[in-house]
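To start, the structure under review is shown below, and the notes come after it.
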Amino acid sequence: MSMRHAPSGGITLGDFRIVYTKTTLETVAATIGAGSVSYAGDGAESVSWLCYSIVTPHRLERVWLMSSLEMDGHTNEISMVKATRQATYDMPKDCPRLPMRFVPVSLDTKIWLGSTTKTLTRELGAPSHEARPWLNYEFQTKVTDDGQCEGGYDRINSLDVKIDDGAVVFLSTDDVTSC
């Protein structure tokens, strides 16, 4: 079942707004002043990403800002975000600490790691699919045709969250447009 509105059009790091399919990984790295773009995969499996560690007094979180190179035409425009709570406070070189001026971090809907199921329901309504501990929120629509795709493009914006003890411990969101 499709939601009426997209669960997320981007992510905010402090006051820095990242808009899916508009903001590039290079813009993020330059604005934050830390991180380097990593690459993996071939063809349709090609992805690029930035990773940051978010240190709080009670836990370590890790966030990956990602681009599907095949889908975005190799422009490194961010179309995916993944985040998880970490069990240890290790920070690999390729996942530096996010400077405090870029905290707090949240999706457009103010959903983030630690959000409760009550907050999810208030902000997003009922999930599109549920298979505990996973909840999926999905929005589908047609995007205006630019002459390149007969009948217009299909846009899917989704948010998957894993719930543990009533709170989000992992999230994955993406915004994909295809012919």
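For the stretch 7-60, filtered to residues that are polar (S, T, N, Q) and part of a strand (DSSP E or B), the residue that is surrounded by the fewest Cβ atoms within 10 Å (Cβ to Cβ) is 38.
Looking only at the stretch 140-168, how many residues end up being surrounded by 18 or more Cβ atoms within 10 Å (Cβ to Cβ) and either out of contact with any Pro (no Cβ under 6 Å at 6 or more places or on another chain) or among the β-branched types (Val, Ile, Thr) (or both)? Looking only at that region, the number is 6. Being part of a strand (DSSP E or B), over 18 Å from residue 111 (Cβ atoms) and either in contact (Cβ under 8 Å) with a residue 24 or more places away in the chain or among the hydrophobic types (A, V, I, L, M, F, W, C) (or both): is that true of residue 161 here? For residue 161, the condition - part of a strand (DSSP E or B), over 18 Å from residue 111 (Cβ atoms) and either in contact (Cβ under 8 Å) with a residue 24 or more places away in the chain or among the hydrophobic types (A, V, I, L, M, F, W, C) (or both) - is not met. Return the residues of the stretch 111-137 that are touching a residue at least 12 places away in the same chain (Cβ under 8 Å), of a type in the set (S, T, N, Q) and in a helix (DSSP H, G or I); say none if nothing qualifies. The one that is touching a residue at least 12 places away in the same chain (Cβ under 8 Å), of a type in the set (S, T, N, Q) and in a helix (DSSP H, G or I): 117.
Test residue 83 against the criterion of being modelled with pLDDT of 90 or more and under 23 Å from residue 177 (Cβ atoms), and give yes or no. Yes.
Only one of the numbered conditions (1) in contact with an Asp or Glu (Cβ under 6 Å, 6 or more places away or on another chain); (2) at pLDDT 95 or above is violated by residue 134, and that is (1).
The values are calculated or read from the model by the stated rules, or taken from the named source; none is laboratory data. If you're wondering where the values come from, they're calculated on a predicted model, not measured in any experiment. Positions of Cβ are generated from backbone atoms using ideal geometry, with glycine treated the same way; all protein chains shown enter the neighbour counts.
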